[in-house]
Amino acid sequence: MALPMSKSYVAYVAQALLPVRLCVCAALLCFSASLNAQAVPAAPQNPVTPPAADKPSISLSPAVVMAKGSFNQTLTQTLTLTNQTGRDFAFEMVAEDVLIKDGKRIFVAAGETPNSIATSAVFTQKTVLVKPFSAVSVDVRLTLPAETNIRAVVAMFRGTDKLPTASGAVGMTASLGSLITFNLSDNVKLQPEAVRIIPASETANMKIAQWISNTGTEPVLPEGAAVVLNAGGGLVGKAVFDPQRLLPGERLEFSAEYPGELLPGNYRALCSYQFEGKTLTSEAPFQVPGLERPGSERPGSERPKTEAPKK
């Protein structure tokens, strides 16, 4: 049984996994995604006309897939790698589980973790060769265990070519992967920390920042914004946070620059995030001090008294 289609998981493309920069090409990620009800035979290599103005690059589509379903279900996903360079690239297809350790993502080989999802991965091709200015597609089928705490897998085109570096002394390989996440329950929870205000400087705008942890068991992609209110509660302006995907146990900082210039006074920053039909809000008061004029005195301050020297 394949995972059902839903707008909430059909390929969010806000970030790419494992970008690869080559000495002769910069990574350019092309984003699109589809979830298939059944496996589709891998498409043959298709010629791609090289754009004259574009730099040489390799890209993988989709970069991210968010799926919803339940345990014991199967997902089939088509991955397409495009080679916009003048050389052949060879890859082997592998899957790894994505775990969170000390708040950071780590990648674990298939089968090394109990109830591994990556160990169920079946690719329609085990190795691929992508010719210059062409694309190749590979299907991957993943079957969820009856029970697992894992919620993310990376399906990877792992390079097998040794590429020369600029110095020629050390070889490197090019690998690109698609992140596939699974929401399997309604246990979606986020824990916000205190809102921080970083004052504006001569070279930077004011910044509104907040750390958020995923304390639930499911991946979350919060979308949010911060609004600035004056002392009377009136709206002064807003700044939008870049969406970031939080896996269970992961902790990330959301920050946004406030583009305007605030007059001296008292304000409040109200941060709001939407995710999975829920809303999370936090706020923090802050003050924008006035500029002191040269030679002026602060209110209530007095100059120190001096006495005439005694004769």
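Details
- Label-reachable residues, region 173-217, where backbone N falls under 14 Å from a point 7 Å from Asn115's Cα toward its Cβ: 182-187, 217
- For region 113-118, backbone phi angles converted through the Karplus equation (6.51, -1.76, 1.60; θ = phi - 60°) give residue-by-residue couplings of 10, x, 6, 4, 8, 4 Hz, Gly and Pro being listed as x.
- Sparse-neighbourhood loop sites, GluC sites (Glu not before Pro) in region 171-223 - DSSP loop, at most 13 other Cβ within 10 angstrom: Glu193, Glu202
- Multiplying the residue separation of Asp161 and Glu147 by 0.36 nm and removing their Cα-Cα distance gives an extension gain of 1.3 nm.
- Over region 72-194, volume per residue of the alpha carbon convex hull, in Å³: 165
- The mean sequence separation of alpha-carbon pairs under 8 Å and at least six residues apart, normalised by the residue count of region 48-165, gives a relative contact order of 35 percent.
- For Lys278 and Val236, the difference between the fully extended length at 0.36 nm per residue and the C-alpha to C-alpha distance is 12.6 nm.
- Vicinal HN-Hα couplings computed from phi for region 101-111 (Karplus, 6.51 cos²θ - 1.76 cosθ + 1.60; Hz; Gly/Pro x): 10, 6, x, 10, 7, 10, 10, 10, 4, 4, x
- Heavy-atom surface of region 111-238, accessible at 1.4 Å and reported per residue (Å²): 46
- Taking a straight Cα-Cα cut-off under 19 Å and skipping sequence neighbours fewer than 8 places away in the same chain, the aspartates and glutamates within cross-link reach of Lys131 are Asp54, Asp88, Glu92, Asp139, Asp161.
- Estimated inter-spin distance, Phe107 and Asn187, nm [label 7 Å along Cα→Cβ]: 2.7
- Listed pairs Lys207/Lys238; Lys68/Lys101; Lys104/Lys207; Lys101/Lys189; Lys68/Lys189 exceeding 20 Å between Cα atoms: Lys68/Lys101; Lys104/Lys207
- The GluC sites (Glu not before Pro) of region 47-151 meeting both criteria, a DSSP state outside H, G, I, E and B (loop) and at most 12 other C-beta atoms within 10 angstrom of the site's C-beta, are Glu112, Glu147.
- Label positions at Gln125 and Arg196, each projected 7 Å from the Cα along the C-beta direction, are separated by 4.7 nm.
The values are calculated or read from the model by the stated rules, or taken from the named source; none is laboratory data. Keep in mind that what you see is a predicted model, and the values were worked out from it rather than measured. Counting neighbours? That spans all protein chains shown, and the Cβs are built from the backbone with ideal geometry, glycine included. Please note that ligands, DNA and RNA were not included when accessible areas were found on the heavy atoms of the full protein model with its side chains. Shrake-Rupley method; radii C 1.70, N 1.55, O 1.52, S 1.80 Å.
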